[in-house]
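The values are calculated or read from the model by the stated rules, or taken from the named source; none is laboratory data. Just so you know, these numbers come straight off a predicted model, no measurement behind them. Reconstructed Cβ throughout: ideal geometry from the backbone, glycine too, with neighbour counts over all protein chains shown. Ligands, DNA and RNA are excluded from the accessible area calculation, which covers all protein heavy atoms including side chains. Shrake-Rupley method; radii C 1.70, N 1.55, O 1.52, S 1.80 Å.
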Amino acid sequence: MNDLAVVGETLPVPIDPPAGRSLSEEDRAALRRAVTVLEKPGLAARLSAAAGAPLDMIGRALPAPVTETVASATEGAMRTALRVALATLPDKDVKPAGTALERVETEAGGRLSRLLGSSDARHKALAAVTGAVGGVLGLATLAVELPVSTTIMLRAIAEIARQEGEDLNDPETALACVQVFALGGRAGAETAVADSGYFAVRAALAKTMSEAARYAAHRSLLDAGAPPLVRLTAQIAARFGLVVSQKVAAQAVPVIGALGGAAVNAAFMDHFQSMGRAHFTVRRLERAYGKEAVRAAYLEEKAALGLG
């Protein structure tokens, strides 16, 4: 990057990678793995295996009261995830405006970080514990369990982002971590829909992501109720709710119990870690080769895998 001085402030000026560069064999293989994960998520199979019953047998349509509970819990989880993500930025003080429960969830993010460190295994273990509680107590715990599980997943995704060379001090990167919950939010039938592909989802979120990043970058005090953040929360929650419904359906198996609930949450965690790794692999390659070159190579790999 070059630096540009503006009114006493030095701002980075991005330099595009050289045009026309081809991906190395190693990077092409990494992209191929990312395409497979992003375009064919396979969460339903994982949850079915964890629950010991196909999701089709459990039933696709959840009762209206359950759907409402899932929607409410998902919105709450996304609000918490957004606050936790933005609270990690330097010199930012994100007030956890909201209920006492939401303040506890936000504070829990910091405590979990100190307790767990950066181990993927530890993240999965704690996600399994929260799932075990949900498996025993059922839907009544979703409003508490889901935000906690989401915060744990967010920390795991942020660690993956750092490993892929992302700067977590950048508001855009912090929001990209939250964006993973939208990328993983495609039910099986939706994968055949034209606007459900990876780049289509990124494009649908691009304007809101940009507005939210600009807001976060220019505020010393972040209000989680600000319109740019509310719009982003709603867009991501709408897609995240699809997989939360699958998770709830899997945990609704009568004999699921604590062990089954733990297995379901571990599968849920593993799914979003895989999505996060794939997403930040694509972003790493975009920084190295340019967005257009990576998009073209991505579409080639997608077609070669029969996913186009």
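Quick look at the numbers
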item: Lone qualifier among Leu89, Leu47 - being modelled with pLDDT under 85, closer than 25 Å to Val148 by Cα and touching a Lys or Arg at 6+ places or on another chain (Cβ under 7 Å); result: Leu47
item: Qualifying residue in region 25-39 (condition: surrounded by fewer than 21 Cβ atoms within 10 Å (Cβ to Cβ), basic (Lys, Arg) and modelled with pLDDT under 90); result: no
item: Residue check, Asp270 of a type in the set (D, E, K, R), at pLDDT below 90 and closer than 19 Å to Leu86 by Cβ; result: no
item: Residue check, Ser245 open to solvent by 10 Å² or more (accessible area, probe 1.4 Å), under 19 Å from Val148 (Cβ atoms), at pLDDT below 95 and among the hydroxyl-bearing types (Ser, Thr, Tyr); result: yes
